[in-house]
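Here's the structure we're looking at; comments come further down.
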Amino acid sequence: MAYVDLNTIHNPATGTIPPATWGDQIRDNFVAGVPDVFAAAGDLVYGADADAAARLPIGTASQYLKVNAGATAPEWVTGSALSLNDVYPVGSIYLSVVSTNPATLFGIGTWGAFGTGRVLVGIDPGDADFNVVEGTGGSKMVSGNTGAGGTDATGSSGTGASGPPSSTFSSNAQNGDLADVPTSYHTHTGPAHTHTGPSHRHTFSGNNVQPYIVCYMWKRTE
């Protein structure tokens, strides 16, 4: 059997084979009945069986190569293979950390900046805030107020303060003697009263930004 060594074909029986007869030598290694392997420039050869070969003629400029439906051989298909137009149809969103416009990067379509300063949220038909495609909402800052008008604080009538049942103090200090003299229990009482103030509110504001990472977002418009 002939074999290839770089740019030279060798046959153990006949020695070096001239390039002009390479096609004949290759055909000689296929079983009888197989058509000429290289009938035209660009033809492809593939294994038709364990010990057989077949030729796939060169296709046209508008065709591309794919495996047939039975997954047994290659074939030419008219049309174009999957393209960037298939991957990024109009309405597609492209995210990148590179500032190059996709129209320049891919060479297709018209693209515009999308969602500037906003985050993306998946649509939710059951939530009125998120049930419209390209709907917007939310705020970078948050503010509000609490409190209501009316009485600020209210007191009550009755005992205001009471002391302990007894207390003591020193007496008769002139003679050097100390005596514990009990005092009487007492209370402080007053009329019913309230403390009122003007109507007022407590206001607040703050940052409402979630953790984030910045990138370029583009939308294909045509």
Return the total of residues in the stretch 61-96 being among the aliphatic types (A, V, I, L, M) and out of contact with any strand residue (DSSP E or B) (no Cβ under 8 Å at 6 or more places or on another chain).
-> 6
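When the residues of the stretch 41-57 are filtered to those that are assigned to a loop (DSSP other than H, G, I, E, B) and modelled with pLDDT under 80, which remaining residue is farthest from the chain's Cα centre (by Cα)? It would help to see each step written out before you state the result.
Filtering the stretch 41-57 down to residues assigned to a loop (DSSP other than H, G, I, E, B) leaves 41-43, 50-51, 57.
Imposing the further condition that a residue be modelled with pLDDT under 80 reduces the set to 50-51.
Working: Ala50: 48, Asp51: 51 Å.
Checking each candidate, the answer is Asp51.
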Taking the stretch 65-93 only, how many residues are among the small types (Gly, Ala, Ser) and under 21 Å from the mean Cα position of the chain (by Cα)?
-> 2
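When you check Pro102 against the structure, is it over 28 Å from Gly135 (Cα atoms) and in contact (Cβ under 8 Å) with a residue 24 or more places away in the chain, yes or no?
On the way: over 28 Å from Gly135 (Cα atoms): no; in contact (Cβ under 8 Å) with a residue 24 or more places away in the chain: yes.
Judged against the criteria, Pro102 is not a match.
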Would a scan of the stretch 59-69 turn up a residue that is part of a loop (DSSP other than H, G, I, E, B) and among the β-branched types (Val, Ile, Thr)?
-> yes
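Got a sec? Which of Ile93, Ile123 is modelled with pLDDT of 85 or more, out of contact with any Leu (no Cβ under 6 Å at 6 or more places or on another chain) and either within 28 Å of Gly206 (Cα to Cα) or not assigned by TED's automatic domain parsing to the domain that holds Val209 (or both)? First the steps, then the outcome.
On the way: Ile93 fails: either within 28 Å of Gly206 (Cα to Cα) or not assigned by TED's automatic domain parsing to the domain that holds Val209 (or both).
Step by step, each of Ile93, Ile123 is checked, and only Ile123 is modelled with pLDDT of 85 or more, out of contact with any Leu (no Cβ under 6 Å at 6 or more places or on another chain) and either within 28 Å of Gly206 (Cα to Cα) or not assigned by TED's automatic domain parsing to the domain that holds Val209 (or both).
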Is it true that some residue in the stretch 108-116 is in contact with a helix residue (DSSP H, G or I) (Cβ under 8 Å, 6 or more places away or on another chain) and on the phi > 0 side of the Ramachandran plot?
-> yes
If you take the residues of the stretch 201-222 that are within 13 Å of Thr116 (Cβ to Cβ) and aliphatic (A, V, I, L, M), which of them is surrounded by the most Cβ atoms within 10 Å (Cβ to Cβ)?
-> Met217
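The values are calculated or read from the model by the stated rules, or taken from the named source; none is laboratory data. Here the structure is a predicted model, which is why all the values come from computation and not from measurement. Here the Cβ is made from the backbone with ideal geometry for all residues, glycine too, and neighbour counts use every protein chain on show.
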